[in-house]
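Q: Structure provided below as structure tokens; questions to follow.
What follows is calculated from the coordinates using simple rules that are stated; it is not laboratory data. What you see is a predicted model, and the numbers here were worked out from it, not measured in a lab. Methodologically, a virtual Cβ is constructed for each residue, glycine included, from the backbone with ideal geometry; neighbour enumeration extends over all protein chains shown.
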Amino acid sequence: MDDAQSHANDAETPAAPVTRNAVIRPPSEMASEELGQLTDAIIAALKTVFDPEIPADIYELGLIYNVDIDDSRFVTIEMTLTAPACPVAGEMPTWVENAVSAVPGVAGAKVNMVFDPPWDQSRMSDEARVALDMW
């Protein structure tokens, strides 16, 4: 974790744990404890999704840009791919939606693919760098 943690504009909304690149925007009203549990569960779900060609999960690769949780607990995710021509580009959003939708307390999930800013290796966590032997 680092200083890239962010939350909704409401100063009373608690911040959620995030990686150095992903921004998690919580609903307007949610208790800190509930937000922490939901955030941890969403992150755990994201970490179950792997690009079949890369032995690191999409969260640690830095492919997740934003996670918005609305008041009804519907989750909207902005993510990218390591390359726009990724062979699983058509399938991966569904994998992510299914993984996050299965989290208890989540009403559903939608993935929006974005390519700006483009992904680069600086978005990877230390965990991903170790898995890929990229030091």
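Q: Cut-off is 10 Å between beta-carbons; in what order do VAL23, VAL49, VAL100 appear when sorted fewest neighbours first?
A: VAL23, VAL49, VAL100
Q: Any idea how far the Cα center of the stretch 74-135 sits from the one of the stretch 57-71, in Å?
A: Taking the Cα centre of each part, the stretch 74-135 and the stretch 57-71 sit 6 Å apart.
Q: Still on this model: Return one quarter of the surface area of the convex hull spanned by the alpha-carbon atoms of the stretch 31-89, equal to its mean projected area, in nm².
A: 4.4 nm²
Q: For the stretch 23-132, what is the convex hull volume of the alpha-carbon atoms per residue, in Å³?
A: Working: hull volume 10.6 nm³, N = 110.
Hull volume normalised by residue count: 97 Å³.
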